[in-house]
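Reviewing the structure listed below.
The numbers here are math on the coordinates, done by the rules we state, and not lab data. Worth saying up front: this structure is predicted, and the values here are computed from it rather than measured. Please note: Cβ atoms are built from the backbone with ideal geometry, for glycine as well, and neighbour counts cover all protein chains shown.
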Amino acid sequence: MKTLSVFFTAFSKRIYLLVCIVSLLNLTLNAQVQYQMAYGGTQNDEGRSAIVTTNGYAISGSTNSFGAGAIDYYLFGTDTCGAVTLSKTVGGTSSESSFDLLQSFAGRYVLYGKTNSFGSGDLDTYLTELGSTVATVKTSWVVGDSLKEEGQALVEAKDTSGFVGAGFTNSFGAGNYDVYVVKHRYNGTVAWTKVFGGSNLDKAYDIQTTTDGGYIVTGETKSFGNGQSDVYLLKLNSNGTLAWSKTYGTPVNDIGYSVKQILGGGYIITGYTQMNDLLLNKKNIYLIQTDGSGNKVWSYAYGGSDDEEGRSVVQLSDSSYAICGMTKSYGAGNDDAYLLKTSKTGTLSWGQTYGKDSIDRCFCLLRTADPGYLLTGQTYSFGSGKSDVYVVKTSNSGVSGCHEGSGGVRYTVIDSVISGGSSSTGGALLTGGTLNSPTTLVDTICNNCDPLLRFEGSNNFQDALEPFAYIYPNPASSILNIDVINVEFSTSLIRIFDISGKLVLQETKDGTIISIDISALIGGVYIAKIQNGEKFLYEKFIKE
């Protein structure tokens, strides 16, 4: 009877331990990374675009802290916890400003913006493609003419025939500035250029590919529409010809900064409007949903009694929306970075602000896999210089861990939809650019990232429902034991990293019960990677 009791006690402890381990791993896998970070040098730096990479994020913008000229393109990479993994500048002896970034189907980073170091005029569009190792400039293309051209947004054609950039020009076209769209072949030649607009000012700030192989472009127009400036939406065919165009707005100023094609084939646009049902001449975030032909489904304004702008919008898997930008109505400073969540019909769910006592802005919003959000912009409140790249990683509910607030009201917009637009062509091709590798300074404002998530991204962990190894004791003082089960090979590779990602111990062991001597390690948190064939597992443990 005593033997049976001992057996059940031991069995219960093992089951309890198994449940605790699985629960801990599940918590790690489902953990939401939260932080606020500032990156740059001792002068002015800003972030304009960000993309998800296999190891974290790549962020681009502009810097006059580093580089060859007054202002250069700025590209840096981080891991999932915000640690810098890559830092590059590209430019000439004068000024370059990058507004967009993509990773091509070939895996290369491509930056897009404007230059006055190279080209034919005061400013030209500037596309820079880095080599596969990010150690060289593969190709750089300057397109423009005698006056000013600026590139604002870039996509890669769905048929893998090249890159298509959108911005504006006053060298070509019918008016003061016109929408400028350029198709670059991979070999560096220009496939086509298109100019759209009327007799006044027309600009593009965003372009996205559409499911039919064409493009959707948004910006502003003073040539057409209802007011001083209106949101401008243009649908282009795959060859750049105009399928249709629409304007949306009020009798005052309305601008579109970001557009996405949404589920069902319609479009969502964000920017700002200066007129709603309660306020006049104060900017509020403007959100417009249309059908696939550009007909308005609904539109609303969001914010408070002062100025707000929407700069980037994403649609979530449940068809709801998230928008980032800036607010003066809420928060701690002159401008605060602003994140809004709405339902699929535009009902405001919540609003969060980020920043301190100066100016803090968001220009780009990403949905992250954990799930959460990554905001990229500029901060004058934090960092090493006059202004720095501002990166805020939040939870699914917009929590970052510090320097945040809340607020937001939805308003009805008294707007109208009008058609309008014409097209022409123009542009010349030149090249230029120098690559440098500066040391990016980092200001950790707050960071509660689980160090386990630094390693190969949160999507690459062994499935918690089928663990093949367990570590014990945890904490451990001298010996770390690892039980390996249900594996194909008799030999396992054990690597131990500190929380910065440095490999501090590596051993190859045979058998299913493995002991690792960790007595030489100093006390702290470590990550053990256990690999058997193609299976691998990360486990966090504490060295006493």
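Quick notes
- Sorting 209, 394, 42 from the fewest to the most surrounding beta carbons within 10 angstrom yields 42, 209, 394.
- Peptides ranked, highest mean first, by Cβ atoms within 10 Å: ranges 170-176, 401-407: 170-176, 401-407
- Value at 222 nm in deg cm²/dmol, rounded to 500, when DSSP H runs of n ≥ 4 in the chain each add -39,500 (n - 2.57): -2000 deg cm²/dmol
- Highest average first, the peptides 504-511, 440-447 ordered by how many other beta carbon atoms sit within 10 Å of their residues are 440-447, 504-511.
- Remark: the Cα gyration tensor places the stretch 462-543 in the prolate category, a/c being 1.5 or greater and a/b exceeding b/c.
- About its Cα centre, the dipole of the stretch 462-543 is roughly 320 debye, where the only charges are +1 on Lys and Arg Cβ and -1 on Asp and Glu Cβ.
- Identified option (computed Cα extents along the principal axes in Å; candidates [x] 108, 47, 43; [y] 94, 50, 44; [z] 138, 68, 44): [y]
- Candidate aspartates and glutamates for bridging to residue 138, where Cα separation is under 13 Å - those fewer than 8 sequence places away on the same chain excluded: 129
- Only one residue of 169, 327, 106 has its Cα farthest out toward the positive end of the dipole of the chain, where Lys and Arg carry +1 and Asp and Glu -1 on Cβ, and that residue is 106.
- Charges were assigned to the Cβ only: +1 to each Lys and Arg, -1 to each Asp and Glu. The resulting dipole of the chain about its Cα centre is roughly 580 debye.
- Whole-Å distance, taken between Cα centres, linking the stretch 226-296 and the stretch 174-207: 18 Å
- Peptides 340-351, 189-200, 117-128, 482-493, ordered by how many other C-beta atoms sit within 10 Å of their residues on average, highest first, read 117-128, 189-200, 340-351, 482-493.
- Relative to the longest principal axis of the Cα atoms of the chain, the long axis of helix 2-29 lies at roughly 20 degrees.
- Considering only the chain, percent of DSSP beta bridges that pair antiparallel, nearest 5: 95 percent
- The residues 517, 370, when put in order of fewest to most other Cβ atoms within 10 Å, stand as 517, 370.
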